[in-house]
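Please read the structure below before turning to the comments.
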Amino acid sequence: MCCVLANSSYAQTQAVTNNNRKWWKEAVVYQIYPRSFKDSNNDGIGDLKGIISKLDYIKSLGVDVIWLNPMYGSPNADNGYDISDYRSVMKEFGTMDDFDALLKGLHERGIKLVLDLVVNHTSDEHEWFKQSRSSRTNPYRDYYHWWPAEKGKPPFRPGAFEVDGSGWRYDSLTNAYYLHYFSYKQPDLNWENPKVRQEVYSLMRFWLDKGVDGFRMDVIPFIAKDINFPVITKKDLDENYNGGWDQYMASGPHLHDYLKEVNAQVLSKYNVMSVAEGAGVTAATAHKFVDADRHELNMLYHFEGVNLGYIPNRFKKMDPHGYSLIKFKQIYSKWDSIFEYKGWGTIYLGNHDQPRMVTRWGNDVPEYRELSSKMLTTFLMTMRATPYYYFGDELGMSNIKFDKIEDYRDIESINMYKQVKNNGGDLNEFIEAQKISARDNSRTPFQWNSSENAGFTTGTPWIKVNPNYISINVEAEEKDSNSVLNYFKRIVKLRKSDLAFVYGRYDLIDKANPDVYAYTRTLNHDKYLVLLNFHQHISITNIGFNVKGSKQMINNYSDGSLIINGKQVTLKPYQAAVLKIQ
Ligand code: ISL
Ligand code: CA
């Protein structure tokens, strides 16, 4: 007992020494999907000049770092996650001058810029791949994974975005198959080849030398594979819904050698941050990526939270009973404890691969959309982890819920639909499930005002605008002091007002409560209590210490009401409050 206490107070005092304080731990990251933010030339596609025109809006949010989804040269099979030229800007998004102006504009406002690094795969239209496929003896042949057809069919590997589900594609030009974990337009790079690694480090330096502040690293555990390609079955993968990909297809024997090399040769030379998209990373493997003593990466984001509540292997269909808050609390508490002494966590509920946060985790009916948006934002801004906040969530934007496949633009939804159709599956059931889980729900244009197309474009938007833009938009919300937007700004300020919200110890309270998520954040003598009712009924939580007399820091009910009865607090539907314990 003595030692447990000693350890935790050690962690507390250690937590804020200068050694441990890092700008990226204290930052709020705001993610922008450039295709959908603001269109400056009215071709219907958001672009860099559009972002530049909204820098003051971004500044007004109080965020510190922008993560920009890929904006490099790309034929857009997967909206920029298929890169054909790493050193250029996608034509639709503008020019390198626009990029430089964007970076300058952000830096002038004290905001950092993090780019998306997509180096598990390139586009099949990248020059390296064109060379690679041209002949078996081409110097670029080993930049990718090829399987000569005379060896027979290669062992099964899934291709996430392929209708036939296969991750190998036959290329008659050289009578061989190439590997692609996503679509056939996204061939996987061969990281075993040192030349490939040097190419990647060189392109990273290209952007870092321009002054960018770090990278979000797409599917980084996938870069290293067991290139003996042992036989695995679809069943192996299906039975390991969360871990299967990692176990059989990723995290190859040299993964951490490569990450150490990236750190030694590139990242360590700059004052930048790195965050891994930790697809498949588990509690057991997380430290390998982010333990500072290992000199690899700074942060990762895991999928355990966002995968909760889906029926396994059913095209992301939600369990009809929704998700269990008790499990939700277990997952986020576990991940907090993983990084208590080593590494550093991230927290998110939405991004460009996820549906809108309020639809998925809150309640988007008119009565509760604003309250539950604010409640979820309170969670994100009060955890011990760097928040990655997805653009539009600060307005309470919700899923568009397309009811026809023709409205979808995402390769994932379109090809899954074909797959269900080919297998004679239930297409209505599929479309219903997509209304909750499809990625396009979070890719609809940002809602600036109530003019046509939400002020995003005067052209035809590349994907439909959510009709709720008439009332859910920046212009309306800036004027309303109780809006989701103004609540967001207030809670970002609150997070920044006290290091306890960043570094303070996290303690879960009333953990068996199925409706309320309650916890404290403690640093030295400062202690805050966070109360979140995740459900639409009135809920009671037992805190275990007297709450009366504590100071209210924020409350998503605009009248500031909160029913405290000694150690017990009664919360209204989706109520959220943060109290300072005196
Ligand atoms: O989006 C997913 C499921 O709906 C994820 O499985 C996703 O494919 C996975 O997390 C990898 O995501 C990243 O790489 C993909 C790209 O489509 C995603 O947008 C990107 O975030 C391929 O580059
Ligand atoms: Ca445009």
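The values are calculated or read from the model by the stated rules, or taken from the named source; none is laboratory data. Keep in mind the model is a prediction, meaning the values are calculated, not measured. All Cβ positions, even for glycine, are placed from backbone atoms using ideal geometry, and neighbour counts span all protein chains on display. Note: areas computed on protein heavy atoms with side chains; ligands, DNA, RNA excluded. Shrake-Rupley method; radii C 1.70, N 1.55, O 1.52, S 1.80 Å.
Below, the figures for the structure above:
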quantity: Accessible carbon and sulfur surface of the range 127-179 relative to its total accessible area, %, 1.4 Å; calculated: 49
quantity: Dipole in debye (nearest 20) - the range 125-225, about Cα centre, beta carbon charges: Lys, Arg +1; Asp, Glu -1; calculated: 200
quantity: Simple Cβ-charge dipole of the chain, Lys/Arg +1 and Asp/Glu -1, about Cα centre, in debye nearest 20; calculated: 1380
quantity: Evaluated at q = 0.12, 0.19, 0.20 Å⁻¹: base-10 log I(q)/I(0), Debye formula over Cα of the range 505-580; calculated: -0.28, -0.72, -0.80
quantity: Mean Cβ neighbour count within 10 Å, used as a protection proxy, ranking 500-513, 442-455 highest first; calculated: 442-455, 500-513
quantity: Amide H contacts of MET553 (H built 1.01 Å from N, under 5 Å, at least 5 apart or other chain); calculated: VAL578, LEU579, LYS580
quantity: Degrees between helix 255-265 axis and first principal axis of the chain (Cα, 0 to 90, nearest 10); calculated: 80
quantity: In sequence order, calculated HN-Hα J values of the range 111-125 (Karplus, 6.51, -1.76, 1.60; Hz; x Gly/Pro); calculated: 10, 8, 10, 10, 9, 8, 10, 10, 10, 6, 8, 10, 7, 6, 9
quantity: Within the chain, helix-based [θ] at 222 nm, where runs of 4 or more DSSP H residues each add -39,500 (n - 2.57), nearest 500; calculated: -8500 deg cm²/dmol
quantity: Carbon + sulfur, % of accessible area of the range 505-580 - ligands and nucleic acids excluded, 1.4 Å; calculated: 49
quantity: In order through the range 525-537: 3J(HN,Hα) via Karplus (6.51 cos²θ - 1.76 cosθ + 1.60), integer Hz, x for Gly, Pro; calculated: 9, 9, 9, 10, 10, 10, 10, 9, 8, 7, 10, 8, 10
quantity: 0 to 90° range, to nearest 10: angle between helix 2-15 axis and the chain longest Cα axis; calculated: 70
quantity: Percent RCO, i.e. relative contact order, over the range 505-580, from Cα pairs under 8 Å lying at least 6 residues apart; calculated: 32
quantity: Label-point separation, THR233 to ASN193 (7 Å along Cα→Cβ), nm; calculated: 3.4
quantity: Burial order of peptide ranges 107-115, 213-221 (average beta-carbon count within 10 Å, highest first); calculated: 213-221, 107-115
quantity: Separation between Cα centres of the range 163-200 and the range 458-488, rounded to whole Å; calculated: 41
quantity: Amide hydrogen neighbours beyond the local backbone of ASN307, cut-off 5 Å, H modeled; calculated: none
quantity: GluC sites (Glu not before Pro) within the range 280-367: DSSP coil, no more than 12 neighbouring Cβ in 10 Å; calculated: GLU367
quantity: Angstrom value of the Kirkwood radius, inverse mean 1/r, which spans all Cα pairs in the chain; calculated: 24.8
quantity: Helix 484-497 axis, angle to the chain major axis (alpha carbon atoms, nearest 10°); calculated: 80
quantity: log₁₀ of I(q)/I(0) at q = 0.10, 0.14, 0.18 Å⁻¹ - the range 263-417, Debye sum with one point per alpha carbon; calculated: -0.43, -0.81, -1.20
quantity: Of the trypsin sites (Lys or Arg not before Pro) in the range 517-576, those whose Cβ has at most 16 other Cβ within 10 Å and which sit in DSSP loop; calculated: LYS548, LYS567
quantity: Accessible area per residue, Å², the chain with all protein chains present, probe 1.4 Å; calculated: 39
quantity: Euclidean distance of C-alpha centroids, the range 43-103 and the range 548-577, integer Å; calculated: 41
quantity: Cross-link reach list, aspartates and glutamates versus LYS49, counting only Cα pairs under 14 Å and skipping chain neighbours closer than eight places; calculated: ASP39, GLU92, ASP97, ASP98, ASP100
quantity: Table column - 3J(HN,Hα) (Hz), the range 311-321, Karplus curve with 6.51, -1.76, 1.60, x for Gly and Pro; calculated: 7, x, 6, 10, 6, 6, 8, 6, 4, x, 7
quantity: Amide H contacts under 5 Å for GLN186, placed H, 5+ residues apart; calculated: ASP124
quantity: Ordering of 46-55, 414-423 by packing [mean C-beta count within 10 Å, highest first]; calculated: 46-55, 414-423
